[in-house]
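Colleague: Handing you this structure, nothing more for now.
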Amino acid sequence: MLPPDDALLVDHLHAGFPLVEQPFAAVAKALGWSEARVITRLQALLSQGVLTRFGPLFQIERAGGQFVLAALAAPEDRFDAVAAQVNAFAEVAHNYRREHALNMWFVVAAESPALAQQALDRIEAATGLPVLAFPKEQEYFVELRLPPLPHQQEALHAAQPL
């Protein structure tokens with residue numbers, strides 16, 4: 001479970017990142033923190049793997065790139081090793097296990113469809129496993145914001161400056 005201050009920071013940033021000259025200072029002011037504290041907490045959350053990414057989301061296709069959902073069937077006795085191989089590719093945005101014959105799913109992001117295919121080919125060569133690609137055909141925007149649990153809500157309110 002996230003400490004209340006970290007939950008407050010993540011919740012605040014999930015609502016939007018200020019597009020100003022000093023965005024971390026603006027976040028700090030809104031939370032009643034120092035800019036250094038905001039940056040330190042974000043770095044810690046990233047290094048601990050609590051956050052896997054901090055940055056903008058954009059429509060890569062408008063810039064000529066491509067996102068591809070891909071899957072493979074990793075043997076259970078090799079699952080962790082295969083996950084490490086897949087995750088080592090800079091093009092892999094995220095990777096997750098599924099209860100399915102295709103038990104490893106990941107997203108490849110590349111600057112062009114050709115580079116996405118090359119990354120998929122390199123992953124297949126590195127793992128020795130067939131990679132199935134499911135390029136995006138249509139985009140949907142679905143935002144999921146989960147409210148803090150009741151015990152977290154109390155801690156968040158106590159941590160927020162008045």
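The values are calculated or read from the model by the stated rules, or taken from the named source; none is laboratory data. Every value quoted in this text rests on a predicted model; they were computed, and no experiment measured them. Because the Cβ atoms are built from the backbone with ideal geometry, glycine has one as well, and the counts that use them run over all protein chains shown. Ligands, DNA and RNA are stripped out before the accessible areas are found, and what is left, the full protein with its side chains, is counted by its heavy atoms. Shrake-Rupley method; radii C 1.70, N 1.55, O 1.52, S 1.80 Å.
Colleague: What pairs can you find where one residue is in the stretch 71-87 and under 11 Å from LEU102 (Cα atoms), the other is open to solvent by 60 Å² or more (accessible area, probe 1.4 Å), and their Cβ atoms are less than 6 Å apart, with a gap of 6+ or different chains?
Modeller: ALA71/LEU132; ALA73/ALA101
Colleague: Based on this model, can you work out whether ARG62 counts as touching a strand residue (DSSP E or B) at 6+ places or on another chain (Cβ under 9 Å) and over 17 Å from PHE134 (Cβ atoms)?
Modeller: Here the answer is no, as ARG62 does not meet what is asked.
Colleague: Which of (1) at pLDDT below 95; (2) under 24 Å from TYR140 (Cα atoms); (3) buried (at least 17 other Cβ atoms within 10 Å of the Cβ) does ASP6 not meet, given it meets every other one?
Modeller: That leaves (2) as the condition not met.
Colleague: Looking at GLU91 and the list (1) acidic (Asp, Glu); (2) under 17 Å from the mean Cα position of the chain (by Cα); (3) closer than 30 Å to MET1 by Cβ, which single condition is not satisfied?
Modeller: Every listed condition holds for GLU91 apart from (3).
Colleague: Of everything in the stretch 34-55, what is farther than 18 Å from MET1 by Cα and open to solvent by less than 70 Å² (accessible area, probe 1.4 Å)? Give them in sequence order.
Modeller: Once the filter is applied, which keeps residues that are farther than 18 Å from MET1 by Cα and open to solvent by less than 70 Å² (accessible area, probe 1.4 Å), the stretch 34-55 yields SER34, ALA36, VAL38, ILE39, GLY55.
Colleague: Looking at the stretch 22-43, can you tell me whether even one residue there is of a type outside the set (Ser, Thr, Tyr), within 15 Å of the chain's Cα centre (by Cα) and modelled with pLDDT of 90 or more?
Modeller: yes
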